[in-house]
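Participant: Got a structure here, written out as structure tokens. Questions coming.
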Amino acid sequence: MSQRLSHARTSHQHSWNLAFQPVILSQGSPEQVQDLGERAKKLAIIGAYAQTELGHGSEVSRLETTATYLPETEEFEIHSPTLTSTKWWVGGLAKTATHAVVQAQLILPGGKSKGPHLFIVQLRSLGKLSMRYTDGLNLRQYQRIIPYERVLHWVI
């Protein structure tokens with residue numbers, strides 16, 4: 001591979017996974033690092049980081065997006081209930097990202113809030129990349145169920 005092509009591929013990889021891959025590598029379980037970290041490194045998945053919300057910028061203590069733990073299925077319901085909870089300034093989301101690290105308020109059974117946590121949400125099919133989100137997802141007023149294995153920094 002030519003030096004120019006190699007540099008272009010490295011630069012492209014770096015720009016798409018700039019805020020995604022480092023979060024996986026630093027806060028993921030060993031299994032997540034091995035699986036998602038390696039796939040991101042090889043560009044088999046392309047990640048985005050979704051923290052900032054329209055209503056309050058990057059002030060994580062005021063996040064409106066919630067991740068409610070469902071103990072009966074060991075899943076999380078990710079929910080952005082309002083226009084102001086729309087994730088904003090998410091690089092790579094519109095056209096290329098297959099996954100996102102989503103910052104959300106963790107809610108345990110009984111409504112107990114555990115503060116902001118990171119969750120891995122698949123946005124698109126891993127087949128042929130397209131402009132379409134899976135299940136019509138956009139990061140405004142959405143709900144999505146994700147498995148327990150997709151929470152970063154184990155807390156439960």
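The values are calculated or read from the model by the stated rules, or taken from the named source; none is laboratory data. As the structure is a prediction and not an experimental result, all values here were calculated from the model. Methodologically, a virtual Cβ is constructed for each residue, glycine included, from the backbone with ideal geometry; neighbour enumeration extends over all protein chains shown.
Participant: Would you pick out the residues in region 33-49 that are in contact with a strand residue (DSSP E or B) (Cβ under 8 Å, 6 or more places away or on another chain) and either surrounded by fewer than 22 Cβ atoms within 10 Å (Cβ to Cβ) or closer than 13 Å to THR98 by Cβ (or both)?
Facilitator: Listed by number, the residues that qualify are LEU36, ALA40, ILE45, ILE46, GLY47, ALA48.
Participant: Let me ask something else about it. Quick one: which residue in SER85, SER26 is among the polar types (S, T, N, Q) and in contact with a strand residue (DSSP E or B) (Cβ under 7 Å, 6 or more places away or on another chain)?
Facilitator: Numbers: SER26 fails: in contact with a strand residue (DSSP E or B) (Cβ under 7 Å, 6 or more places away or on another chain).
When all the criteria are applied, what remains is SER85.
Participant: Then there's this: Do the conditions hold for THR73, that is, is it within 26 Å of SER113 (Cβ to Cβ) and under 13 Å from the mean Cα position of the chain (by Cα)? Steps first, answer last, please.
Facilitator: Numbers: within 26 Å of SER113 (Cβ to Cβ): yes; under 13 Å from the mean Cα position of the chain (by Cα): no.
So THR73 does not fit the description; no.
Participant: In region 22-39, is there at least one residue being within 13 Å of LEU118 (Cβ to Cβ), in a strand (DSSP E or B) and at pLDDT 90 or above?
Facilitator: We begin by selecting, within region 22-39, every residue within 13 Å of LEU118 (Cβ to Cβ); these are 22-29, 32, 36.
Imposing the further condition that a residue be in a strand (DSSP E or B) reduces the set to none.
For region 22-39, residues within 13 Å of LEU118 (Cβ to Cβ), in a strand (DSSP E or B) and at pLDDT 90 or above: absent.
Participant: Another question, if that's okay. Quick check: anything in region 130-148 modelled with pLDDT of 75 or more, of a type outside the set (A, V, I, L, M) and surrounded by 12 or more Cβ atoms within 10 Å (Cβ to Cβ)?
Facilitator: Scanning region 130-148 turns up at least one residue that is modelled with pLDDT of 75 or more, of a type outside the set (A, V, I, L, M) and surrounded by 12 or more Cβ atoms within 10 Å (Cβ to Cβ).
Participant: Specify the residue that is modelled with the highest pLDDT; the eligible residues are those in region 54-95 that are of a type in the set (D, E, K, R) and out of contact with any His (no Cβ under 9 Å at 6 or more places or on another chain).
Facilitator: Let us first name the residues in region 54-95 that are of a type in the set (D, E, K, R), namely 59, 62, 64, 72, 74-75, 77, 87, 95.
Cutting the leftovers down to out of contact with any His (no Cβ under 9 Å at 6 or more places or on another chain) gives us 59, 72, 74-75, 77, 87, 95.
Details: GLU59: 85, GLU72: 93, GLU74: 90, GLU75: 90, GLU77: 90, LYS87: 82, LYS95: 69.
This residue is GLU72.
Participant: Now for a separate question. Would it be correct to say that LEU5 is in a loop (DSSP other than H, G, I, E, B) and either over 25 Å from GLN105 (Cβ atoms) or modelled with pLDDT under 85 (or both)? Even if it seems obvious, please write down each step before you answer.
Facilitator: Details: in a loop (DSSP other than H, G, I, E, B): no; either over 25 Å from GLN105 (Cβ atoms) or modelled with pLDDT under 85 (or both): yes.
It is false that LEU5 is in a loop (DSSP other than H, G, I, E, B) and either over 25 Å from GLN105 (Cβ atoms) or modelled with pLDDT under 85 (or both).
Participant: Of everything in region 108-121 that's surrounded by fewer than 18 Cβ atoms within 10 Å (Cβ to Cβ) and closer than 18 Å to GLU74 by Cβ, which residue is farthest from the chain's Cα centre (by Cα)? Step through it out loud before you land on a result.
Facilitator: So in region 108-121, the residues surrounded by fewer than 18 Cβ atoms within 10 Å (Cβ to Cβ) come out as 108-116.
Now narrow it down to the ones that are closer than 18 Å to GLU74 by Cβ: 108-110, 112, 114.
Values: LEU108: 20, PRO109: 23, GLY110: 25, LYS112: 23, LYS114: 18 Å.
Only one residue tops the list, namely GLY110.
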